[in-house]
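This report concerns only the one structure given below.
The values are calculated or read from the model by the stated rules, or taken from the named source; none is laboratory data. This one's a predicted model, so the numbers in the text were calculated from it and none came from an experiment. Here Cβ is always computed from backbone atoms with ideal geometry, including for glycine, and neighbour counts include all displayed protein chains.
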């Protein structure tokens, strides 16, 4: 691997791992009930954001780059009423991040510029594009999760 593709792979790996760690740090203080609570009428629960990130990575990286066969039901990521245990949801999330990291590690120099297409991402034209877009999307939702964790902490201390 030449220097630039290697640096790209290392940078992406570091960012995906950092975001994963942050999700786990923020989720650690939440009960299963808080994990699924929607503190704001206009937003999502922490758990639904984890489902969404899992679906996002599983589709855009898994199905479209790693060819895992994953079939996404995006709308369900935000409304799934199942309220599975937090540990189970985080385990599936970790599997999606692990798959993403394995896919990054498997890229050869020429793979970064390989053509890419995926429903809902018309501007992602290469594998590099989609890995960057997914990393930015991941980071964006980690910011939302920070607010959700803080809202849960405030609710705990006000009761």
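Among residues of the stretch 1-14 being under 17 Å from the mean Cα position of the chain (by Cα) and surrounded by fewer than 17 Cβ atoms within 10 Å (Cβ to Cβ), the one that is farthest from residue 107 (Cα to Cα) is 14. Considering 106, 124, the condition of being modelled with pLDDT of 95 or more and crowded, with 17+ Cβ neighbours inside 10 Å is satisfied by 124 alone. Considering the stretch 79-90, the residues that are surrounded by 12 or more Cβ atoms within 10 Å (Cβ to Cβ) and free of Cβ contacts under 8 Å to residues at least 40 places away in the same chain include one that is farthest from residue 63 (Cα to Cα), namely 84.
Looking at 103, 126, which is the one that is in contact (Cβ under 8 Å) with a residue 40 or more places away in the chain and more than 29 Å from residue 33 (Cα to Cα)? Of 103, 126, the one residue that is in contact (Cβ under 8 Å) with a residue 40 or more places away in the chain and more than 29 Å from residue 33 (Cα to Cα) is 103. Being outside any helix (DSSP H, G or I) and modelled with pLDDT of 95 or more is a property that residue 60 lacks. The set of residues in the stretch 63-115 being closer than 19 Å to residue 130 by Cα, assigned to a loop (DSSP other than H, G, I, E, B) and touching a helix residue (DSSP H, G or I) at 6+ places or on another chain (Cβ under 7 Å) consists of 68, 69, 70, 72, 107, 114.
Step by step: first the residues of the stretch 91-103, then only those that are within 24 Å of residue 47 (Cβ to Cβ) and surrounded by fewer than 14 Cβ atoms within 10 Å (Cβ to Cβ), then the one that is nearest to the chain's Cα centre (by Cα). Which residue is that? Residue satisfying both the conditions and the ranking: 98. Just need a number here: residues in the stretch 1-54 that are touching a residue at least 24 places away in the same chain (Cβ under 8 Å) and assigned to a helix (DSSP H, G or I). Qualifying residue count, the stretch 1-54: 28. Confirm whether residue 71 is over 12 Å from residue 50 (Cα atoms) and at pLDDT 95 or above. Against the criterion (over 12 Å from residue 50 (Cα atoms) and at pLDDT 95 or above), residue 71 qualifies.
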